[in-house]
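Bear in mind these aren't lab numbers, they're just calculated from the coordinates by the rules spelled out. A quick note: this is a predicted structure, and the numbers were derived from the prediction, not measured. A quick note on method: Cβ atoms are made from the backbone with ideal geometry, for glycine too, and the neighbour counts reach across all protein chains shown.
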Amino acid sequence: MTTFEIISIILAVVILISVILYLIIGEICCRLILRRKSVAESVINYQMDNTLNLYKIDYDWWKNFNFEKREIISFDGLKLYPVFYKNNNSRKVAIIIHGYFAHYTEMNQYAKMFINLGYNIVLTQNRAHGDSEGKYVGMGWLDRLDILTLLDEVNNYFGSDCEIVVFGLSMGASTVCMLSGEKLPTNVTHLIADCGYSSVYEEFTTLSKRFTKISIKPLMFIFNSYCLMRCGYELKEADCLKQLARCKLPILFIHGDADTFVDYSMQDKLYNATPKHLRQKLTFSRCGHAESLPSNIEEYYKEVEKFLNKK
């Protein structure tokens, strides 16, 4: 066997091993973090069950209202099931987008706020969440397109003369930011993003550095590109900042300054990326992730109402 043949075999083996490792690592990342019924979902659900009082979650609150589950078909053929509620003869509608591996029934405080403000409400069940179809979480990037489909359904249901505000919490907030760069119906009037991340790539990189001791760059390189093959998008393209630069609507950024799950510093990144005449930010001191409303109900209501009354 010649030297050239030996080198060729070695290179072929190295390439084969590299490809196998790439596939294994990429699949593990997607299964752990983005796949339905993943380890991440189990951890989130466990933490939520132990923090119901902190977030003032009341699953029984929903029994007081007649909600209607509707079916819409996503741009890629998934059946999604948002929940609609008509609040008397109001022409105002609030779309409420939940967070990462959350459920719409955990959003009772936000639904209550908008109902008290006289809004009809529509709560999402994001892809790979709740009753909706989908194997992998969209992290806001795919969800922004789902919201465009939902907006058509909202206009069909409530009438095209309704006034729509889109609110999101955590991953839902980033969905709002990513949605802001799209062409929206003219009756969408305001956007609100509570504790959203600046980009999916930055969020996962920040969390990885915090919880692991291994080198992050190779792992994130693999996760980023493998996600495109498995989930239909790259982590790096799911970027709120690029979308916010094209924002055409007033948007309010809310964040707690003690947030470490979605770092508080990301609020300024989102704010600074948005056209100056459209942006507004609100910070709640000593509040962790998604704690701003449950810890400051009266002030939160007041500031949101003030923002929505601005034309």
Relative contact order (%) - region 53-120, alpha-carbon pairs under 8 angstrom, separation at least six: 36 percent
For the residues I7, I57, I33, what sequence is obtained by ranking on other C-beta atoms within 10 Å, fewest first? I7, I57, I33
Of L11, T149, M266, which is farthest on the positive side of the dipole of the chain, counting Cα position, with +1 on Lys and Arg Cβ, -1 on Asp and Glu Cβ, and the Cα centre as origin? M266
State, as an integer percentage, the relative contact order of the chain based on alpha-carbon contacts under 8 Å between residues 6 or more apart. 15 percent
Anchor K217: aspartates and glutamates whose Cα lies under 19 Å away (excluding residues fewer than 8 positions away in-chain): E27, E202, E203, E234, E237, D239
If you bin every alpha carbon distance in region 233-311 into 5 Å steps from zero, what whole percent lands in each bin? 3, 15, 22, 21, 21, 13, 4, 1
So how do T206, T212, T274 line up by other beta-carbon neighbours within 10 Å, fewest first? T212, T206, T274
Quick one: which residues, 5 or more positions from E163 or on another chain, have an amide H under 5 Å from its amide H? H modelled 1.01 Å from N in the peptide plane, none for Pro or chain starts. K92, V93
What pairs from K56/K248; K79/K281; K92/K281; K37/K236; K209/K248 go past 28 Å between their alpha carbons? K56/K248; K79/K281; K209/K248
Distance between Cα centroids, region 234-311 to region 1-64: provide it in whole Å. 29 Å
Starting at 0 and stepping by 10 Å, how many percent of the alpha carbon pairs of the chain end up in each bin? 6, 27, 35, 20, 6, 3, 2, 1, 0
Residue by residue through region 113-129, the couplings from Karplus 6.51 cos²θ - 1.76 cosθ + 1.60 with θ = phi - 60°, in Hz, x for Gly and Pro, are 4, 5, 5, 5, 7, x, 9, 5, 10, 10, 10, 7, 10, 4, 3, 6, 9
Taking Lys and Arg as +1 and Asp and Glu as -1, residues besides P82 with C-beta under 14 Å from its C-beta add up to -3
Specify the angular offset, from 0 to 90 degrees and rounded to the nearest 10, of the alpha carbon long axis of helix 3-33 from the longest principal axis of the alpha carbons in the chain. 20 degrees
Provide the percentage of antiparallel DSSP beta bridges, counting only those with both residues in region 1-151; round to the nearest 5. 65 percent
The chain: angle of helix 297-308 to the longest principal axis, Cα-based, in degrees nearest 10: 90 degrees
Quick check for me: using +1 on Lys/Arg Cβ and -1 on Asp/Glu Cβ, what's the dipole size of region 148-279 about its Cα centre, in debye to the nearest 20? 580 debye
Determine the principal axes of the Cα atoms in region 153-254, then give the extent along each, sorted from largest to smallest and rounded to whole angstroms. 53, 30, 23
How large is the charge dipole for the chain, taken about the Cα centre, if only the Cβ atoms of Lys, Arg (+1) and Asp, Glu (-1) carry charge, to the nearest 20 debye? 420 debye
